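We did not get these values from a lab; they are worked out from the coordinates using the rules stated. Keep in mind that what you see is a predicted model, and the values were worked out from it rather than measured. Every residue, glycine among them, receives a Cβ derived from its backbone with ideal geometry; neighbour counts consider all protein chains shown.
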Amino acid sequence: MNTREHFELFRYLMEQCCLLQEDIVFVNNIAEWCKEYGMPEHDRERLFKLILKSGQGCKMLVREDIQGKFIDERINALMIRSQLRNVAYNRADTLDTIQKKLAYLFLSEYSTSIPGITDEMLADDWVFERMDELGYFKT
């Protein structure tokens, strides 16, 4: 899947996170981009990365071409974390469209910049609250 096809989704999410749409950077490989710019990144399959530059704003790196299996791996990790809390309800099941999955992954990466979010379960809570506020789960 080419993520550029979802530019409007990312533009909207950037706006909701008080980020500039000009700071969306589509790249072939995030680890290679980081290496080129002297930043450490060891996950060669990373899908999103928020780069914070003190005093200079930030960039949201988005992997341009994403295989479905990489999205599925991250949603499966969410499913496992969700089951640690409640085996009867799986939050991952609510991510039933590609837009919801991409929004979840984008906001998960953004949550790394929020003070007080110190682990993935807290990040998941924040992301689902934010997605609910943005209307992703309205029927």
*asked:* Using 0.36 nm times the number of residues separating L52 and K138, minus their current alpha carbon distance, what extension gain do you get?
replied: 27.8 nm
_Partner lysines for K49 [C-alpha distance under 21 Å; skip if fewer than 8 residues away on the same chain]_ = K35, K59, K69, K100, K101
*Taking the Cα centre of the chain as origin, sum charge times position over the Cβ atoms of Lys and Arg (+1) and Asp and Glu (-1), and report the length of that vector in debye to the nearest 20.*
60 debye
*asked:* Using amide H atoms built in the peptide plane, which far-off residues or other-chain residues are under 5 Å from N29 H to H?
replied: none
*Once you have the Cα-Cα distance between A88 and M1, take 0.36 nm times their residue separation minus that, and quote the gain in nm to one decimal.*
28.1 nm
*Assuming R0 = 22 Å, can you tell me the calculated FRET efficiency for the pair T112 and N28, based on Cβ-Cβ distance, to the nearest 0.05?*
0.50
*Relative to the longest principal axis of the C-alpha atoms of the chain, give the angle of the C-alpha long axis of helix 120-133, reported between 0 and 90° and rounded to the nearest 10°.*
80 degrees
*asked:* Between E15 and A77, what is 0.36 nm times their sequence separation minus the Cα-Cα distance? Round to one decimal in nm.
replied: 19.6 nm
*asked:* Give me P(r) over the range 28-119, computed from all C-alpha to C-alpha distances, binned every 10 Å, as integer percentages.
replied: 14, 42, 33, 10, 1
*Post the alpha-carbon centroid distance, the range 83-120 to the range 4-29, in whole angstrom.*
18 Å
